[in-house]
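A quick write-up on the structure given underneath.
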Amino acid sequence: MRALSLHPVLDLCRILLQEAKNLSPLFLAAFMPTTNSEVSPDATLVSRLIQKDVSAFEQLYDRHSRAIYGLVLRILQQAGMAEEVVQDIFLQLWRNAAQYDSSRGSFVPWLFTLARNRALDTLRLKSERQRRHEDQVDELPPVAAAPEYEKVLDEKRRAIKVRALMSSLNPQQKRAIELAYFEGLSHSEIAAALKEPLGTVKSWIRNGLLRLKEELQAAS
Amino acid sequence: MKNCDQFRDMFEAYALGALDAPERAALEAHLTTGCPECSKSVDEARWLVSQLHYLAPEATPSDMLKGRLMQTIREEARSAPRFVPPKSNIPFWMWAGVAALFLATIYSAWNAQRLTREIQRADQIAAAILQHRHELETQLEDAKREAAILVDPASVKIALASPDPQAPPLEAIWHSNLGIVLSGQKVPAPARDRVLQLWLIPKTPGGKPIPSLTLRPDADGKFVLLVSNPPELMAATKALAITEEPPGGSLAPTTPLLWVGGVS
């Protein structure tokens, strides 16, 4: 027994493990044990989407199309145009899903950032403004790093918190944030629109968002 | 750190897209340096800003939108190459080699264990055979010695008589060099936990009986006992005696003498 050396086998296993590390996270995910608590339905659907699974696409559409359409409609204020943008968003998702890096953050915030960017780009074209990121039209947004409390606070409770916080702000502060988020205006443009000092607008927006962060943290 | 301090108030506005061009350019230039703290803060701010989508009320798009989308998706899915997991750089022959090596290793280990077990079994059988042979050789030696004692004219015959008239007489033949052969037939068996023990009674006045071997007759009451090395010389021995003792014998007789025979 002693005479039989196992070293060649161990060396080969080491090589195979090294090779396995070079495989894509998706391929490895098929062999890695995971728990339901760790993998959201969206993450599973996106994994299938990368494999061009039409059924996964349809499920993702059914899960998020109403919220996406609501956001785009809120920005564009025109149903036909909003539907065209939503169609573009979901087609882009279908064609470029592999670019979404699940290790960096959650899918939903990324999807809504993508939707907002596309809607604002369309809005800027519509109003014939200079597009700020003309060379980035087809690029997908970076994935936002989700804080720990994202997992604790479910979407419904987060939605309630966000709406409650915004309702508690003074109307001008709320309007400043809405102009930035839904109309894509800069600090200077908001200050001009509201006829308020630039510094005040900056403080309103920053303080409002920091309060939102504190509220979400406290609620979790 | 001081460089980062000037951007600390900008992360949320940057994620929101509200920074004016000069500020945005300055922050983006800083981010391209790979500052981990600011990059992390910007990532967190992006997530925070993404939560503002909850401010927009949900709305239902037309069914036609879904219909158009699904039609396009199905067409693209049909024409798109199916997803295949990334291929490994390891060629097939190497996988086959690993598998063969793995199987060979398992077979070798199993075979080695089997051989080890067989060797152990063979060792046990050989040891038993050697033991048996040794016993046979010992018996043969004893038989030769007994025969020599019995036929040698120099041997001295000693009759051991019992005070019990029912007990058969025993016979001992003592050769001064080869030892004593003690035998008997139809000897009543001692109690279950007792044996018969041979004693040499010295000629020395007041000398204590010297203990020798113990024996048990067989089922027919027959026995032959060879004492190869008697504990005393024949010339110094006055008589041989037999008593009943516990298994293993005693240092001094604990029961009355059952047989006694004088050494002439």
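Just so it is clear, none of the values below were taken in a lab; they were calculated from the coordinates. On a predicted model such as this, the values are computed, not experimentally measured, just so you know. With ideal geometry, Cβ positions are generated from the backbone for all residues, glycine too; neighbour counts draw on all protein chains shown.
Quick one: which residues, 5 or more positions from B:Val195 or on another chain, have an amide H under 5 Å from its amide H? H modelled 1.01 Å from N in the peptide plane, none for Pro or chain starts.
Hits under the 5 Å cutoff: B:Glu245.
Could you pull out every residue, at least 5 positions away or on a different chain, whose amide H is within less than 5 Å of the one on B:Ala239? Hs are placed 1.01 Å off N in the peptide plane, and Pro or chain starts have none.
The answer is B:Ile201, B:Val263.
Which whole number gives the average, over all residues in A:65-77, of C-beta atoms from other chains lying within 10 Å of the residue C-beta?
Per-residue shielding by partner chains comes out at 5.
With a Förster radius of 30 Å, plug the Cβ-Cβ distance of A:Ala98 and A:Ser167 into 1/(1 + (r/R0)^6) and report the FRET value to the nearest 0.05.
Using R0 = 30 Å, I get an efficiency of 0.15.
Which whole-Hz ³J(HN,Hα) couplings does the range A:154-162 yield from phi under the Karplus relation 6.51 cos²θ - 1.76 cosθ + 1.60, θ = phi - 60°, glycine and proline marked x?
Ordered by residue, 3J(HN,Hα) equals 6, 4, 5, 5, 5, 4, 4, 4, 4 Hz.
Using the Karplus curve 6.51 cos²θ - 1.76 cosθ + 1.60 with θ = phi - 60°, what ³J(HN,Hα) values do you get for each residue of the range B:214-223, in whole Hz, with x for Gly and Pro?
10, 7, 9, x, 6, 4, 8, x, 9, 7
Work out, step by step, the length gained on full extension between B:Trp95 and B:Asn229: first 0.36 nm times the residue separation, then minus their alpha carbon distance; give nm to one decimal.
This chain segment gains 40.7 nm when fully extended.
From the P(r) of the range B:110-177, could you give the percentage of C-alpha pairs in the tail past 20 Å?
The calculated P(r) of the range B:110-177 puts 61 percent of pairs beyond 20 Å.
What whole-number distance in Å separates the alpha-carbon centres of the range A:163-200 and the range B:24-80?
Cα centroid of the range A:163-200 versus Cα centroid of the range B:24-80: 22 Å apart.
Residues of the range B:189-205 with backbone nitrogen within less than 12 Å of a virtual label 7 Å along the Cα-to-Cβ line of B:Gln166, please, listed as ranges.
B:189
Tell me what chain B gives for mean residue ellipticity at 222 nm when only DSSP H runs of n ≥ 4 count, each as -39,500 (n - 2.57), the sum divided by the residue total, rounded to 500 deg cm²/dmol.
-14500 deg cm²/dmol
Ranking request for peptides B:247-256, A:188-197: highest mean number of other beta-carbon atoms within 10 Å first, then the rest in descending order.
Going by the mean number of other Cβ atoms within 10 Å, highest first, we get A:188-197, B:247-256.
Please build a GNM for chain B, connecting alpha carbons under 10 Å apart, and tell me which residue among B:Leu65, B:Leu52, B:Leu226 fluctuates the most.
Of B:Leu65, B:Leu52, B:Leu226, the most mobile in the Gaussian network model is B:Leu52.
Take the alpha carbon atoms of the range B:16-127, find their radius of gyration, then divide it by 2.2 N^0.38 Å using N residues; give the quotient.
Here the answer is 2.49, to two decimals.
Counting only other chains, and only Cβ atoms inside 10 Å, what mean value do you get across the residues of B:13-23?
What the average comes to for B:13-23 is 6.
Between B:Leu160 and residues 5 or more places away or on another chain, which pairs have amide H atoms under 5 Å apart, with H built 1.01 Å from N, and which residues are they?
B:Leu170, B:Glu171, B:Ala172
For the range B:99-206, what is the charge dipole size about the Cα centre, in debye to the nearest 20, if Lys and Arg each add +1 at the Cβ and Asp and Glu each add -1 at the Cβ?
The dipole magnitude comes to about 200 debye.
Other chains near B:105-118: what is the mean number of their Cβ atoms within 10 Å of each residue's Cβ?
1
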